[in-house]
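The values are calculated or read from the model by the stated rules, or taken from the named source; none is laboratory data. Bear in mind the structure is a predicted one, so any value in this text is a computation, not a measurement. Reconstructed Cβ throughout: ideal geometry from the backbone, glycine too, with neighbour counts over all protein chains shown.
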Amino acid sequence: LRADDPRQELESIDCPVLVLWGAEDVQLPLDDAFEYTRRLRARLRVIPGCGHLLIGERPDACERAIEDFLGVQATVASKGTTCPPD
């Protein structure tokens, strides 16, 4: 990674993260999603039937994924822990 590449700071993020990725994204390969998810200790949701502009292409699926993620985070918080469940 270059010195000015923000990816080197991913591990310093210390909060729950959801990575949304378009299954047909030709600009950024799915392997990048796996890297970001691993480095962020995040949850990954791959949205089928869309590419790089997934929020514009599949807003319904993105909305459901975000609602699901926030619901899990609310459950985790209510149990008094900050770590996402496995």
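Yes or no, residue by residue, for (1) basic (Lys, Arg); (2) at pLDDT below 95; (3) over 20 Å from Phe69 (Cα atoms):
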| position | (1), (2), (3) |
| --- | --- |
| Cys15 | no, yes, no |
| Arg41 | yes, yes, no |
| Val46 | no, no, no |
| His52 | no, no, yes |
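Restricting attention to the range 43-69, and to residues there that are assigned to a helix (DSSP H, G or I) and among the β-branched types (Val, Ile, Thr), which single residue is farthest from Leu10 (Cα to Cα)? Can you show your working first?
We begin by selecting, within the range 43-69, every residue assigned to a helix (DSSP H, G or I); these are 54-57, 59-69.
Imposing the further condition that a residue be among the β-branched types (Val, Ile, Thr) reduces the set to 55, 66.
Working: Ile55: 22, Ile66: 20 Å.
Among them, the one singled out is Ile55.
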Taking only pairs six or more apart or across chains, which ones have beta-carbon atoms under 8 Å, a first residue in the range 71-86 that is modelled with pLDDT of 65 or more, and a second residue that is among the charged types (D, E, K, R) and loosely packed, with under 10 Cβ neighbours inside 10 Å? none
Out of the residues in the range 1-34 meeting the condition of being touching a helix residue (DSSP H, G or I) at 6+ places or on another chain (Cβ under 8 Å) and assigned to a helix (DSSP H, G or I), tell me which one is surrounded by the most Cβ atoms within 10 Å (Cβ to Cβ). Leu10
